[in-house]
Amino acid sequence: QVQLVESGGGLVQPGGSLRISCAASGNSFSRYAMGWYRQTPGKQRELVATIASGGKINYADSVKGRFTISRDNAKRTVYLQMDGLKPEDTAVYYCYANYLSRNYWGQGTQVTVSS
């Protein structure tokens, strides 16, 4: 069982930056595929960014060039640095892990981009 705890969400003005974090449990973190998804009311959860255990990274087109995903295996933590935030980035952001073909989700953290 992998537990994921997000932190760092909040309110930010358009054009601003925010970094959210996800701390994972377990001793095999370096083998987890990790990622971030987001969801707004009435819409399906959508992929934001993923980072494989080997470091390969994938971004949604809507965030390319603005968001950066990274991981620190020693701290068992994955980060999402969000720059150039837009109102349409407002959503609940969920941390995701895949390990041994099982998917795990965090509880979500709210990111609101508004003036």
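The values are calculated or read from the model by the stated rules, or taken from the named source; none is laboratory data. Just so it is clear, the model here is predicted, and its values are computed rather than measured. With ideal geometry, Cβ positions are generated from the backbone for all residues, glycine too; neighbour counts draw on all protein chains shown. Please note that ligands, DNA and RNA were not included when accessible areas were found on the heavy atoms of the full protein model with its side chains. Shrake-Rupley method; radii C 1.70, N 1.55, O 1.52, S 1.80 Å.
Of everything in region 25-59 that is open to solvent by less than 20 Å² (accessible area, probe 1.4 Å) and under 14 Å from LEU80 (Cα atoms), the residue that is farthest from the chain's Cα centre (by Cα) is ILE51. With respect to the conditions (1) open to solvent by less than 60 Å² (accessible area, probe 1.4 Å); (2) touching a Pro at 6+ places or on another chain (Cβ under 9 Å), PRO87 lacks only one, and its number is (1). Taking the residues in region 100-114 that are modelled with pLDDT of 95 or more and more than 14 Å from GLN3 (Cα to Cα) as candidates, determine which candidate is most open to solvent (accessible area, probe 1.4 Å). Checked region 100-114; the qualifying residue most open to solvent (accessible area, probe 1.4 Å) is GLN110. Only residues that are in a loop (DSSP other than H, G, I, E, B) and on the phi < 0 side of the Ramachandran plot were counted in region 67-99, giving 7.
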